Ligand code: NAI
């Protein structure tokens, strides 16, 4: 039995993850706007701080896993809320919980696992301005607002959503491999779902986005099921994922491959190799 925290637990994929963890008799603390052990608004700094502290208190400072599923869809006029909930919150919460995750790994003798919810919108939303993604990574909310105003137009919500998930995925990859995370026994990875039938997707289908979503290419057809995504998350929390680190696992019915078959994987530049090899001395093998 382990100690887990799940944000976005009241609905959709987060709720399915909670059900699986509890069925396996884990201790799970849930975080959401409503119907949760810890009720907190993750779009605000006080909400994030109280959630971070309350979770640590309830789990006695030891965590074996964390799932960051809370998220807001690309709704018009909510661009800064999207940024705060989808990007700022998971990072702040994880930074607050890092020591508890390291303590959990040390106590259990196996790695702790973190699964962050990204999205295939990070890579399949066309034309997200690089400057917008950088405004997330460099914590520049005013630049973010300016770029969205200048280049967003009616695409502003989709750009804000895609950029929040792209920057979050970049943060996961940069952070997962550091001594403070990989070296402390924490496996940090992201799942990138495609169109999954949940209340979040349903609210888009009920709005002006219906035609765009219904005609968006999904090679296997239809929509994904929240329960299937929860099965993937459960796998990424299991001992089978001990060697998974900094991966963005796409479960999207083939949409990303359809658009970007040749873009990834790609080989790294020769010029970058010496720098990375020097840094690699920090890692040891048994
Ligand atoms: P959902 O809408 O069913 O669940 C999201 C949960 O996040 C809700 O319970 C909601 O109350 C909570 N939440 C929203 N704002 C919050 C706030 N300010 N503070 C605390 N909690 C808040 O959505 P779904 O589809 O299960 O999404 C889960 C994650 O997967 C999200 O991060 C979403 O961006 C991502 N995702 C969803 C896709 C889909 O097609 N459904 C596709 C790709 C990614």
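Bear in mind these aren't lab numbers, they're just calculated from the coordinates by the rules spelled out. Just so we're clear, the structure is a prediction, and the values are computed from it rather than from any experiment. Methodologically, a virtual Cβ is constructed for each residue, glycine included, from the backbone with ideal geometry; neighbour enumeration extends over all protein chains shown.
Separation of region 152-215 and region 234-286 by C-alpha centroid, Å?
Computed from Cα coordinates, the inter-centre distance equals 17 Å.
Sort 153-162, 203-212 by packing, meaning the average of other beta carbons within 10 Å per residue, with the highest value first.
Averaged packing, sorted descending, gives the order 153-162, 203-212.
From the alpha carbon gyration tensor of region 218-261, can you work out the equivalent ellipsoid semi-axes (sqrt of 5 times each eigenvalue) and give them in Å, largest to smallest?
The three semi-axes for region 218-261 are 23, 15, 5 Å.
Quick check: residue separation of residue 24 and residue 205 times 0.36 nm, minus the Cα distance between them. What number comes out in nm?
61.8 nm
Please compute the modelled spin-label separation between residue 150 and residue 215, points set 7 Å along Cα→Cβ, answer in nm with one decimal.
In this crude spin-label approximation the distance works out to 3.1 nm.
I'd like the distance between the alpha-carbon centres of region 17-86 and region 99-117, rounded to an integer number of Å.
That distance is 17 Å.
Points 7 angstrom from Cα along the Cβ direction at residue 283 and residue 264: gap in nanometres?
Here the answer is 1.9 nm between the modelled labels.
Sorted by packing (mean other beta-carbon atoms within 10 Å per residue), highest first, where do 184-196, 77-89, 260-272, 140-152 land?
Per-residue Cβ counts within 10 Å, averaged per peptide and sorted highest first, yield 184-196, 77-89, 140-152, 260-272.
Hey, fewest Cβ within 10 Å first, where do 32, 139 land in order?
139, 32
How large are Rg and Dmax for region 3-284 when only the alpha carbon atoms are used, in Å?
In Å, with Rg to one decimal and Dmax whole: 18.4, 53.
Show me the ranking of peptides 172-181, 235-244 by mean Cβ neighbours inside 10 Å, starting with the highest.
Result, highest mean first: 172-181, 235-244.
Test of understanding: what is the full-extension gain from residue 231 to residue 257, defined as 0.36 nm times their sequence separation minus their Cα-Cα distance?
Length gained between residue 231 and residue 257: 7.2 nm.
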